[in-house]
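Written out below as structure tokens is the structure these notes cover.
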Amino acid sequence: MKSKRIAFLTLLLSLSPLSSVGNEYAWPSAQTRLLGENTIHVIKDGEHLETIAKKYDVGFLALLSANPGVDPYLPEPGTFVTIPQQLLLPDVDYKGIVINLAELRLYYFDKAENKVHVFPIGIGRIGRNTPIMTTKISQKRENPTWTPPESIKKEYLEERNIVLPDVVPAGPENPLGNHALRLAYGTGSYLIHGTNKSFGIGLRVSSGCIRMRPKDILWLFDKVAVGEQVRVINEPVKTSYEPDGAVFVEVHRPLSNDESDAGKRLLSQPDARVSHWLKSNAMNESRYRAALAVQSGIPIEMGNAAAPEGAAEL
């Protein structure tokens with residue numbers, strides 16, 4: 001029998017679900033990393049996955065991975081679509097901002113309010129990867145201007161035949177949107193910022209910065225302070241050993257490192273804490289390997305097993 005932690009999915013039949021700002025979760029209890037429940041949305045005439053992703057404030061690729069076989073642009077009305085709102089927390093300290101590149105999500109751990117806020121993001125494309133880092137917010141900028149570096153100006157000219165000015169003023173043509181948080185990393189060229197484009201959240205589209213939907217960056221901008229810790233990780237496989245003995249795994253597609261990997265289906269590697277004890281526990285190895293291959297981005301219960309050494313520290 002499956003663990004009691006697996007609840008029935010909530011069925012939303014409302015004609016117009018309200019747009020939200022991120023997804024909010026209660027602060028996790030001790031040794032628990034599993035948060036939330038998935039939602040089911042029923043496709044209506046004229047909807048596609050990008051519009052649904054916006055309504056629920058989830059990423060486009062996350063929604064696509066959770067619903068294999070659904071046409072992202074012409075889904076059949078009446079189709080049930082899983083909204084991936086259940087998740088495992090990354091294996092990090094619950095502090096400040098945490099960005100997991102592999103899942104294209106930003107976490108804000110608000111200890112004062114005992115809440116965890118989760119937002120979809122866009123990150124650096126192949127060749128302009130968002131770096132792994134531990135840093136902090138060095139500056140908050142409202143209505144920022146954008147000074148494109150020479151490499152970007154050259155790229156725009158050669159690939160798009162667009163001549164960028166030395167400085168792009170604040171306004172609707174500014175790709176940084178209306179709010180930006182500068183990170184104290186390297187030369188300070190990396191930002192968490194808004195966008196003037198409706199498409200690209202939940203995708204690898206930027207020149208290395210972290211993009212957020214305008215309403216999401218506004219919320220985060222008002223919430224955080226200069227000096228707030230920011231940690232960027234790359235954790236495609238997340239595993240949780242829950243207090244009741246249930247074992248969950250959440251697998252995302254690994255990021256391509258170069259153009260030769262683009263379009264290929266890369267395989268996730270097992271969690272290092274799992275691989276050495278997998279066969280000697282009750283967890284079904286074939287099911288675990290299948291989860292690594294499917295890469296749905298949704299927590300899947302593997303069964304019950306004793307946690308490996310060190311898991312109690314999660």
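Quick note: the coordinates plus some simple rules give every number you see, no bench work behind them. Note that the coordinates shown come from a computational prediction; the quantities given were computed from them, not determined experimentally. Counting neighbours? That spans all protein chains shown, and the Cβs are built from the backbone with ideal geometry, glycine included.
Observations
- The GluC sites (Glu not before Pro) of the range 50-125 that meet both conditions, a loop assignment by DSSP and at most 16 other Cβ atoms within 10 Å of the site Cβ, are 113.
- For the range 62-117 versus the range 181-223, the gap between their alpha-carbon centres in whole angstrom: 17 Å
- Applying both filters, DSSP loop and at most 13 other Cβ atoms within 10 Å, to the GluC sites (Glu not before Pro) of the range 127-216 gives 173.
- Approximate spin-label separation residue 71-residue 226, in nm, with each point projected 7 Å along Cα-to-Cβ: 5.2 nm
- Per DSSP, loop chymotrypsin sites (Phe, Trp or Tyr not before Pro) in the range 38-77 with at most 15 further Cβ within 10 Å: 73
- Note on the range 96-233: Lys pairs 8 or more places apart or on different chains, Cα atoms under 14 Å apart, count 5.
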